[in-house]
Every structure is written in C-alpha cells, then in structure tokens.
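The values are calculated or read from the model by the stated rules, or taken from the named source; none is laboratory data. The shown structure was predicted, so the numbers you read here are calculated from the model rather than taken from an experiment. Because the Cβ atoms are built from the backbone with ideal geometry, glycine has one as well, and the counts that use them run over all protein chains shown. Remember, those area values only see protein heavy atoms, side chains included, never the ligands or the DNA or RNA. Shrake-Rupley method; radii C 1.70, N 1.55, O 1.52, S 1.80 Å.
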Amino acid sequence: MTFPGRPVDLAWADGGSTLVVKNLKNLVFIDKATNQIIQTLASPVGFSVVGLDAGVGIVRVTDAKDRLRVAVRRADGKYAWGNPVEVPKPKSGSANPAGVAWASADTVWVTATRGNCVHLIDWKSGRTLQTVPVGVAPYTVVPVGKDKVYVSNWGGDMPKAGDTTAPSSGTATHVDKRGIADRGTISVLTRTDGKWARTKTLRVGLHPSGMVPSWDVRFLFVANANSDTVSVIRTVDDEVVETIVCRPEGRLPFGSGCNAVAIAPDNRTLYVANGTNNCVAVVKLGVKAGGEGDASRLAGLIPTGWYPGAIRLSGDGKTLYIANVKGLGSLARQKGNEKAPRLDAKGKNSHDHLGSISVIPVPDDAKLAEYTKTVNANNRLAYSLAGLEPARPDAKPKVIPDRHGEPSLIKHVIYVIKENRTYDQVFGDIKEGNGDPKLLLFGDNVTPNQHKLAREFTLLDNFYCSGVLSADGHQWVNEAYVTDYLEKAFGGFTRSYPYEGGDPLAFASSGFLWDNALEKKKTFRNYGEFVKVVAPRGSTWTDMYEEYKTGAGKFQPKATVNVAKLKPYTHPTYPGFVLSIPDVYRAKIFIEELKAFERKGELPEFIYLYLPCNHTSGTRPGSPTPRAMVADNDLALGRCVEAVSQSNFWKDTCFFVVEDDPQNGFDHVDGHRTVALVISPYTKRKAVDSTCYNQTGMVKTIELVLGLPPMNQLDLSATAMRNCFVGTPDLTPYTAVPNQIMLDEMNPPMKKLTGQALYWAQKSMELDLDDADEADEDTFNRILWHATRGYDVRYPAEYVGEKPGKEEEKQ
C-alpha cells in the first residue's frame, strides 16, 4: 500500500489489530485485517528517524524538533492528539528526539540525539524523571527486563582527549583520517536502588540504528547501517558474540545499509532491512546467536520497496510488514492530506514522496530462493561482480576503460558542481532533445554557453539527479551514496543540513571521490566544495563584482574547509556557497591558477570546481536578477572550458558538469531530470545521448577514467557514460560566448515595485537564501518563474503536484 510521505517507523497498536506508521508529516493507521488505511493524523511538526511506541488506545511518537507527541483513541475509534510533552533541550537548539520505548504504565524512555542522552519521562505529567548521558547521537532505546536498557549511539562514545574529532550538530565526534565518523557503540543502562546509570559500553559497527531483542531476551541484535552488519550481543554478560555481514554477496563492497531488524518468534530467523539493496535479508541464526549451526548465515533476500527502514512481524510470525522510506519514489499525486492531484501526463516532482508498506507472507525455502533471484537481478548483481574483475596488465588505453584500474586516454578530470536546475528549466528550448519550452526559465539568451556546449558536444537529455535537495545532493555527487542518517531526516534536518560537509555522521564509510583518488596517488585540487565562506565583512555583491573586474584587493574571501582531509588540496580563497560573490570571480581564480599550472607543465589529475550562483537570490533587492545570476554562472563555466581547451592540457582533459539537485523544480519528464555535460576532445560532437544516466553513473565514469576502484555497491552497479564518447579526439578548442544579459542587472528596490512584482520581492526578502535550500522551495520556484517569465504568466502548478490557481497567484 502507498501514501504520500516517507515512512520511518512502525508499531502495533490496539493489541496488534492496527499498524501505526510514523510518516513524514503524519501518522498513518492501517487495519491489519484488511490492509487498508483507516486514518491519517496530521502532525504540526515533521517526523524523522525512529521513535514510535503504541499500546491499546495510545500512541507515543517523537517529532523532529523537541516534543514527544501523544495520540489517544476517541470514542469513535479515531485517534486525536493530546498534549505534547517537551523533551529537555540541550544548551542550544532542539533536542531532536528519536527512539521511544515503554518503561512502565506511566513512563517512557526517549533518546535525544542532540542532547546525547536518554530521558525517562512521565508522559502523563510531562515530567522528566531522570536523564542519563550516553554516547553521540543516541538513536534507538530498547528495555530488556525491568532493570536493563540498551541505547544505540549513531556516533559512538564521546571522544577522549587527543582523539581526532569533527563536530556533528555541535558535538565533537570521533572521526578517521578522512573526516568520517568511525565509531558506533551500545550503551548499557542498569538500575540500582531506583536510579539508572550507564554501566557498560560495547563497540559495534558504524551507525548502530535499529535493535531488537530475542523473544527469550538472551540476545540483542543491532543493525549497523554504515557497516552492512548486525552485531549480536549476549545479554547475560553484555558481550558482542557475533557480527553478521548482510550484503547480498560476500564479494560486494560496502553499500547495503542494514538499518532495522526483526526476529521470528522461534528465535531462529532474523530479518534485516537492507535499505540500499531494497530488500530484507533473511538470516538463519547460528549457535552463537541462539540458533543452530556454527555461524549465522544469509539464507536469502526478499524484495521490498525503495529503502526499507522499519520491519515488524505479525503476532503469529507469519507476515512481514515493512516500511519503505522512499517507497515508489516521487510519484505521489497529492501532498500530505491535501487533495491536489496532478494529471499523469505532467512531469513528476522530486518532492512528491510516495512511501509504501510492503505486506509479505514469510516465504518458504522455495519462495525465498525465487525472491533472492529477483533481488539480485534488480540490483544488477552479475553486472556488479563483473565490475570487480581485476585490471588486465596488458589492457591498452581507452577513453573509458572496460574495467576499473585499466588505463584511459584521458588523464585529467575537472568535476564541475552547480546548484539546482532541472533539464526543462535550462534546455527546454533545445529542439534536438526531449525538452518542453513551456517550462523554460533560462534559455539560450541566458545560458548561451551551456546551449553551445550541449550542441557542440553531446546533449544529455535523460540524465537524473539521484537526490532531491542539497543535503543529499552533495553526498550523491561526492560519494555516490547517501546514508541512513540523511535518508531518515526529511521530516526535519534538525541535526544538520550537511551540503557543505559539516557533519561527519552524514558521510558514508566508503568515503569520498577525492579519498578514492588520493588513495591511488592522484594529484588533486579543490575549488570550493565542502568549503564555508562568509562574504568579506562590509562587502556587497557589487563590491565583489568590482573586485572581479579590477582586482583591487579591497575584499578578500577566506575559505574554511569543513573536512580537514581537504585542507591541503583546497584553494585558500576560492568561495564556497555564498551568493554575494559572482561565479565569474570564481572562474577568474581558477583560470589564473590554470596559467600557473601551464607554466609548470603540470595539471592536477582530478579537480573539483564549484560554481553555485545558478541557485540565484530570487528577486531580493540588492542582488542581481535571477537571469543575471544564471548568466554569470553560464559565463563562468564557458570561460573555464575555453581556458582549458586552449591550454596544453586539453588533449587529455574531460569536464564532467552536473547540478547537485533539482531544487523541487518542474520538468515534463521527471523532477529529477537535470542539466549535465561531458566536455572533452573525446566527447561525441553534435550528438544527442538519451541513455538513462544519473549521478552515480557520472561518478563511476570518473573512476574509470582515473583508474580508481568503485567505492560502494551503487557506483559499482551504475551505468557508465560510455555512449557519449568516441575513440578519435577532436581537438578543436571551445570559444566562450559573451553574456547577453548584463551580469550586474540588479533587482529593483522595493519602493519602485508595485503589484505582483512587489509581492514576490517581499517573498524573496522573507526567504533565507544565505544557506542552500533553507528557503521554501515552492515559493522560491514561483519567484523565479515570475521573474523570468513575467508576472502575468500562470505558474505551471500542475507540474509540482498542485492545482493551478493558488491564492498567491492572484496577489
């Protein structure tokens, strides 16, 4: 069954007759007898991560901010919200509560991920009876008996003096040399004389998340989402007695995302939600885990929806109920409880989350074998295993090698990351491709270089972002993977919004693309990615534009690198995401350093180049118009390509250009479809490539070119972008096209505006545009539409899941 949203947890209510779903913006109640939704209870605050406890006539659920919310069944059988209970806040910000578990008739345990503690709360009175410090970002809480409680800590224990750390939502967190959180622990709490205290800590895998005790409470099973394992804890002495690897095949690298567990009533079979594999792993437990045989083993796989994130069994153990966080993708025809259907013929919006619940009878051996074949086919197992074949020592150089590690004719990769556009918004007017000019915002007159590059090289009209916003978008382009930490945070990114690399818990254990390159001794230079820059004090966009033109040196940005590993390779003054510095300023820095590389005769083999200004600042007075900012971005890209193409490095250099995410934009095919370019002497000229590609495939192609191994299962299984290359180079250099829109075309001041122009300028002033995606995306897209298409042109609301004619359209 499906419903709008992203479900993250499940619980049985009313004696097991009702399944309660913790969803993105509501609770969904499902009748077990009919598998029909019988109620949807909207929440005033979004829901993220785990945190759902239910009994007869009562449901307790943590929200994404700082409340334990309580729903009570009324006389008519429907649930309604009672008074919420405040979860104690840390010194700054919200508590971000997660796991909740029954303690007694009047009390529950609640973890606070930002408080790094677990609270014992009297949910009737709202009083906090005791607070017990645990580890970094506690996630799930599981009582075992009356006097013992286990807490899984996403980030492990608190670091010790001298440890290498990085901050996660304000808490120092242990990290490895790459800057990635590398600890996961279970805190054991016991009660003595009525008081609870942490009495032991157990090291387990990374991102310990879902936990379940065996029915006889002899064992506790912990899903480690960033390690692809389950840790087995023997509860009599609190020792880790076994670690079960749950990947579909032993040769596969990291990337299964084991994040939730359930156990059969006979204590012999464990069910593990492999989020990234879109399946449930069925594990037959060995003797160390209370089962039979020498060791626990993977018995098979059950296909589910997209990213299973919670599992429950029916009381008789015969049926599995699985919450699929991403469900069927972005196919919802309504948002939340609003009746807002969209015609099937219209493009699908990337924020139309359609979650699902899979109801699956527990399979017998024959059915499980059939299911396993289906899962492995869905995940391209044979293709992936072939991709692990070692490089052949006698392989001749090719543009895109057949195998990872074999030589390429391309020696240098320049990876350009931009911000937030869909295909139709930029390329909807290119007749050679599958575009819709009715949805065009920044056409040939605004982006002449991107249009020329697409026409002179290869137009990619079937390329997709893997994510939907900057928090996950920058992880996809940098890691080809997104962890459970982010996939379950869409109800509210309370802990962090790590588009700038500011949270080590957001990162995959398989690492970043630059880690991969550096491990293989590739030279590397970073311009702006994962860099925090504040515009120089006292400067405006106009000041920085003058700096670009004159080089006066009055205002000098300074880059702060959020991931320490990047610091030696990062340009010290190249700006990250700050929209008051134009992209031509960034391009000038890159081109100046390119000239220095030419004088030395050495260009780094791998270069990151961040050009964010096509994000725009809306119609905010004091900023350039949206089309001017996009024109600035376009000119910067064109000049960078021109400079490289006229250098000695052009013969064996390739640009890969991509948007980090589509920013809730409209597109007649799908809201994930985006602008991407591949530019090199080996790129097909004047061609259209309609192969279905995405960001993981671009990462894979970069890896193949640079002789790097795959990082994880997703880039391993991705489709390389082979079809847009040829074997014979065309060394014709690229000539940048001058901008047709003045880059300093400024938004007019408020006093000169009237009507809808004034209305939308006021809306721009209300939005937070200083950080990526902090602004309401629907409002922001309407601002861009009217600023570029006109204030009397109707916004294409049907493409974003709404009926035309919203009230603000009449302002």
D461 being crowded, with 23+ Cβ neighbours inside 10 Å and of a type outside the set (V, I, T): no
Enumerate the pairs (first residue in the range 476-503 and hydroxyl-bearing (S, T, Y); second residue anywhere and open to solvent by 20 Å² or more (accessible area, probe 1.4 Å) and not in a loop (DSSP other than H, G, I, E, B)) with beta-carbon separation below 8 Å, excluding pairs fewer than 6 apart on the same chain, so at least 6 apart or on different chains. Y481/L714
Candidate set from the range 690-735 (those that are acidic (D, E) and open to solvent by less than 10 Å² (accessible area, probe 1.4 Å)); member that is nearest to S466 (Cα to Cα): D715
Regarding I180, is this residue open to solvent by less than 60 Å² (accessible area, probe 1.4 Å) and under 25 Å from P568 (Cβ atoms)? yes
Any residue at all in the range 277-293 that's assigned to a strand (DSSP E or B), touching a residue at least 12 places away in the same chain (Cβ under 8 Å) and of a type in the set (K, R)? yes
Test R620 against the stated conditions and say whether it is open to solvent by 10 Å² or more (accessible area, probe 1.4 Å) and of a type outside the set (G, A, S). yes
Out of the residues in the range 94-148 that are polar (S, T, N, Q) and surrounded by 24 or more Cβ atoms within 10 Å (Cβ to Cβ), which is farthest from P167 (Cα to Cα)? T140
Residues of the range 149-158 being open to solvent by less than 10 Å² (accessible area, probe 1.4 Å), in a loop (DSSP other than H, G, I, E, B) and either hydroxyl-bearing (S, T, Y) or touching a Lys or Arg at 6+ places or on another chain (Cβ under 9 Å) (or both), in sequence order, are G155, G156
Give just the number: which of (1) in contact with an Asp or Glu (Cβ under 8 Å, 6 or more places away or on another chain); (2) open to solvent by less than 10 Å² (accessible area, probe 1.4 Å); (3) more than 13 Å from F507 (Cβ to Cβ) does S168 not satisfy? (3)
Return the total of residues in the range 191-239 being closer than 17 Å to I263 by Cβ, of a type outside the set (F, W, Y) and open to solvent by 40 Å² or more (accessible area, probe 1.4 Å). 4
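Matching residues to (1) within 18 Å of the chain's Cα centre (by Cα); (2) under 25 Å from L579 (Cα atoms); (3) open to solvent by 10 Å² or more (accessible area, probe 1.4 Å):
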| residue | (1), (2), (3) |
| --- | --- |
| S466 | yes, yes, yes |
| A471 | yes, yes, no |
| R495 | yes, yes, yes |
| D503 | yes, yes, no |
| K520 | no, no, yes |
| E529 | yes, yes, no |
Answer yes or no as to whether L252 is buried (at least 21 other Cβ atoms within 10 Å of the Cβ) and assigned to a strand (DSSP E or B). no
Out of the residues in the range 349-365 that are assigned to a loop (DSSP other than H, G, I, E, B), in contact with a Ser or Thr (Cβ under 8 Å, 6 or more places away or on another chain) and open to solvent by 30 Å² or more (accessible area, probe 1.4 Å), state the one that is farthest from Y423 (Cα to Cα). V362
Conditions first: (1) more than 28 Å from Q713 (Cα to Cα); (2) aromatic (F, W, Y); (3) not in a loop (DSSP other than H, G, I, E, B). W476 passes all but one, so which condition is the exception? (1)
For the condition modelled with pLDDT of 95 or more and surrounded by fewer than 19 Cβ atoms within 10 Å (Cβ to Cβ), what is the one hit in P390, P448? P390
Any chance Q756 is open to solvent by 40 Å² or more (accessible area, probe 1.4 Å) and either out of contact with any helix residue (DSSP H, G or I) (no Cβ under 8 Å at 6 or more places or on another chain) or at pLDDT below 95 (or both): no
Can you tell me which of V426, V482 is at pLDDT 95 or above and either assigned to a loop (DSSP other than H, G, I, E, B) or open to solvent by 10 Å² or more (accessible area, probe 1.4 Å) (or both)? V482
